[in-house]
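Undergrad: Dropping a structure here in structure tokens format, bear with me for questions.
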Amino acid sequence: MSKPSILIVDDEPINIRLLSEILKQDYDLRASTSGNQAIAQLEEHHESIDLILLDVNMPEMSGSEVLDRINEHPAWTEIPVIFVTAMDQEGDEAEGLLRGAVDYITKPISAAIVKARVQTQLTLRQAKKDLAAQNKLLEKKVQERTEEIRYTQEVIISALTNLALTRDKETGNHIIRTQHYVKILAQLIRHFPEYVNELDDDTAIDSIFRTAPLHDVGKVGIPDCVLLKPGKLTADEWEIMKTHSTLGGDALKNSGELSGARENSFLTYAQEIAYSHHEKWDGSGYPEKLVGKDIPVSARLMAIADVYDALMSRRCYKDAFPHSKVIEIMKEGKGQHFDPVMLQAFLDNEHLFYEIAEKYQ
């Protein structure tokens with residue numbers, strides 16, 4: 001291994017020679033006889049300099065002024081500076097420590113003290129380097145693990161979504177559109193007082209966006225004669241269709257319990273959306289007839305996205321409505337079907353949703 005490198009800064013050549021004799025066996029040494037020379041050395045070699053021995057009392061640029069220049073460069077401040085002072089310069093020692101010097105050595109120089117102080121600071125510097133490297137390694141591992149978890153989540157979501165698509169081909173772009181409706185609406189309202197606790201967090205919005213495709217995953221449990229019926233459902237058939245929210249929510253909940261998924265994970269949003277995206281603000285929805293703010297924010301977002309897209313889309317049992325007609329119908333649901341504040345944000349920015357509808361026809 002290469003020896004640690006020390007920069008000695010002193011305007012007296014005799015002091016440089018003395019320090020060099022003490023340290024040359026254990027360290028690679030550089031020398032500067034002025035503050036300007038020291039700055040020039042740092043500009044060229046700061047990455048390889050491990051410690052600076054800095055004389056306080058120098059002409060043109062004092063040691064304190066050199067230290068000020070060092071503090072202007074973040075990369076240089078990692079290098080420990082030991083002041084070398086005369087016995088009558090106690091004020092300079094205190095000033096140097098306040099400015100960032102790590103220690104001081106007094107003249108006349110003692111070889112034992114110089115070696116001990118230098119070794120102590122170099123040991124501390126190496127410990128800091130080792131800790132920084134370890135932290136960087138841990139951060140990399142955490143990032144890799146986070147990316148792995150995210151990838152696993154996306155694979156599971158994709159698999160479940162594709163499973164649902166095998167039952168109902170009409171839902172393909174519906175899933176993509178509603179994802180984007182939910183995301184843009186969440187971004188529009190994230191700083192509103194009513195939602196700041198739930199949505200003032202990029203991770204929460206991202207999780208809602210990624211789990212939105214699972215809102216109808218429970219339809220895989222609906223019989224073909226009901227799910228794929230081309231005409232209007234009977235009352236009994238409609239009751240069967242309504243169970244898709246519970247089927248999907250229960251499946252996600254049971255999966256979370258089996259895997260030990262923590263609270264507030266992305267799976268929580270998936271459960272909320274699957275269970276409650278058909279709840280209505282006035283309590284007339286299903287499956288639990290939740291009222292107002294008892295409905296999770298994620299499900300309230302999905303309710304607007306889901307209904308808007310259903311009205312805008314052609315189905316085997318209906319034609320698509322024009323955007324203007326859809327907006328009129330949505331307005332009628334304010335405070336009844338939909339969260340009134342959330343819906344108003346939707347209405348105020350309806351053009352953004354129409355752009356998404358056009359983009360992902």
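The values are calculated or read from the model by the stated rules, or taken from the named source; none is laboratory data. Note that the structure is predicted; figures quoted are calculated from it, not measured. FYI the Cβ positions are ideal-geometry reconstructions off the backbone, even for glycines, and counts take in every protein chain you see.
Undergrad: Out of 37, 25, which single residue is part of a loop (DSSP other than H, G, I, E, B) and not aliphatic (A, V, I, L, M)?
TA: 25
Undergrad: Go through region 283-301 residue by residue and tally those that are over 20 Å from residue 244 (Cα atoms) and exposed (fewer than 14 other Cβ atoms within 10 Å of the Cβ).
TA: 2
Undergrad: Answer yes or no: is there a residue in region 140-155 that is under 30 Å from residue 51 (Cα atoms) and modelled with pLDDT of 80 or more.
TA: yes
Undergrad: In the list 230, 213, which residue meets the criterion of being on the phi < 0 side of the Ramachandran plot, surrounded by fewer than 17 Cβ atoms within 10 Å (Cβ to Cβ) and modelled with pLDDT under 90?
TA: None of the other options fit; the residue is 230.
Undergrad: To continue, here is another question. Can you tell me how many residues within region 171-204 are over 16 Å from residue 215 (Cβ atoms) and either at pLDDT 90 or above or assigned to a helix (DSSP H, G or I) (or both)?
TA: So the count comes out to 17.
Undergrad: Within region 294-330, can you find the residues that are more than 25 Å from residue 193 (Cα to Cα), in contact (Cβ under 8 Å) with a residue 12 or more places away in the chain and not in a helix (DSSP H, G or I)?
TA: 313, 315, 316, 317
Each row is one residue, and each column tells you yes or no for (1) surrounded by fewer than 18 Cβ atoms within 10 Å (Cβ to Cβ); (2) within 20 Å of the chain's Cα centre (by Cα); (3) in contact (Cβ under 8 Å) with a residue 60 or more places away in the chain.
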residue	(1), (2), (3)
192	yes, no, yes
205	no, yes, no
208	no, yes, yes
217	no, no, no
222	no, no, no
237	yes, no, no
244	no, no, no
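Undergrad: Another question about this same structure. Would you please name the residue that is surrounded by the fewest Cβ atoms within 10 Å (Cβ to Cβ), looking only at residues in region 50-84 that are touching a Ser or Thr at 6+ places or on another chain (Cβ under 9 Å) and touching a residue at least 60 places away in the same chain (Cβ under 8 Å)?
TA: The extreme case among them is 50.
Undergrad: While we're here: Can you tell me which residue is modelled with the lowest pLDDT among those in region 70-95 that are charged (D, E, K, R) and under 43 Å from the mean Cα position of the chain (by Cα)?
TA: 95
Undergrad: Mind listing just one residue for me: the one in region 17-49 that is in contact with a Lys or Arg (Cβ under 9 Å, 6 or more places away or on another chain) and under 23 Å from residue 98 (Cβ atoms) and, of those, surrounded by the most Cβ atoms within 10 Å (Cβ to Cβ)?
TA: That would be 38.
Undergrad: Name the single residue, out of those in region 311-337 being modelled with pLDDT under 90 and farther than 23 Å from residue 284 by Cβ, that is surrounded by the most Cβ atoms within 10 Å (Cβ to Cβ).
TA: Per the criteria, the residue is 313.
Undergrad: Sticking with this structure for a sec: Among 67, 54, 98, which is the only one that is at pLDDT 90 or above, in a helix (DSSP H, G or I) and within 22 Å of residue 124 (Cβ to Cβ)?
TA: It is 67.
Undergrad: Can I ask one more? Confirm whether residue 279 is of a type outside the set (Gly, Ala, Ser), in a loop (DSSP other than H, G, I, E, B), modelled with pLDDT of 95 or more and crowded, with 21+ Cβ neighbours inside 10 Å.
TA: Yes: the conditions hold for residue 279.
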